[in-house]
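All remarks here apply to the structure that follows.
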Amino acid sequence: MISRCSLLLHSLQAPLFTLLCLLPLATPAAEPTAVAPKAYLSLIIDDLGQNLPRDRRVLALPGPVTTAIMPDTPHAAEFAREAHRAGKIVILHMPMDPATGPFAWHPELPVEELQKRLDAAFQAVPYTSGINNHMGSRMTAQPQAMAWLMADLQRRHKFFVDSRTSAQTVAAAEAQKIGLASVSRDVFLDDERTEAAISQQLQTAIKLARKQGSAVMIGHPYPQTLAVLERELPRLKAQGIEWIDIKSMISLRSNQAMAGHGKNGVYR
Ligand SMILES: [Zn+2]
């Protein structure tokens, strides 16, 4: 266009030049309007399998909630089937030290015992596509065990979510080293179990998602958490927030660490 206008400038009188050069501007090559960057949220609810009526409220939440089911709960298998039938992603909520119980991983255990407990936990919770840690501040700080876990998950074709129950976790870092699909939690919704505090945490997650593009939230099936989520989740869209499932979140982040968990995309 510029060159045609420049040529015309030499041969035509000004009014005609103006008309010819303005014409293309009226065609659909419209100026791109300023679009706000997308902000994505994912939600995981932990500690499921204990209480069916309570846990079914989680399935009724209006969107792609991920259900993290504990192996040592009375309804683990039954609830996993229900969640799967309801189209929800199921993950194994794996007890890790300082958690206790027959499935829990402890740093002192030999690798054969870790393997046995992980196998049993996966058997107790069907339909899993991934795993996250229940507690685990001691266990997730063990590089060797975490490296073994990530290699094992890769063989099983399961993704890993680092719940980040401690800043000393090396779990996501070990996953990243071998390219295992993984993602890290950004915000715990309900460390403080009041509706006011939980609403505040949800706002923190929304702000973070706007700032860095996405945020992963973890909550629990407490009545206060569910009340806030039932009220607030249907309003996310109007606030410009896309609520996506955890697999989409893993693709979106492509195993990159967020600024709070590493540097230049690499986990600390
Ligand atoms: Zn838990």
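Quick notes on this structure:
- Elements of type strands (runs of 3 or more DSSP E) in the stretch 125-222, at least 3 residues being more than 13 Å from the chain's Cα centre (by Cα) and crowded, with 16+ Cβ neighbours inside 10 Å: 128-135
- Residue in the stretch 244-265 that is within 15 Å of V65 (Cα to Cα), outside any helix (DSSP H, G or I) and within 15 Å of the chain's Cα centre (by Cα) present: yes
- Output for the stretch 41-59, where each listed residue is away from the ligand (no atom under 13 Å from the Cβ) and either closer than 16 Å to H134 by Cβ or touching a residue at least 12 places away in the same chain (Cβ under 8 Å) (or both): L41, S42, L43, N51, L52, R54, D55, R56, R57, V58, L59
- Taking the criterion of being over 30 Å from P143 (Cα atoms), surrounded by 13 or more Cβ atoms within 10 Å (Cβ to Cβ) and of a type in the set (G, A, S), the only residue of the stretch 228-268 that qualifies is G240.
- Residues located in the stretch 147-176, provided they are farther than 22 Å from V187 by Cα and touching a residue at least 12 places away in the same chain (Cβ under 8 Å): A147, W148, L149, M150, A151, D152, L153, Q154, R156, K158
- Scoring A83 on the criteria (1) more than 12 Å from the ligand (Cβ to nearest atom); (2) under 12 Å from L48 (Cβ atoms); (3) of a type outside the set (K, R); (4) over 19 Å from the mean Cα position of the chain (by Cα) leaves a single failure, condition (4).
Just so you know, all these numbers are worked out from the coordinates, no wet-lab data involved. Quick caveat: nothing in here was measured; it's all calculated off a predicted structure. Every residue, glycine among them, receives a Cβ derived from its backbone with ideal geometry; neighbour counts consider all protein chains shown.
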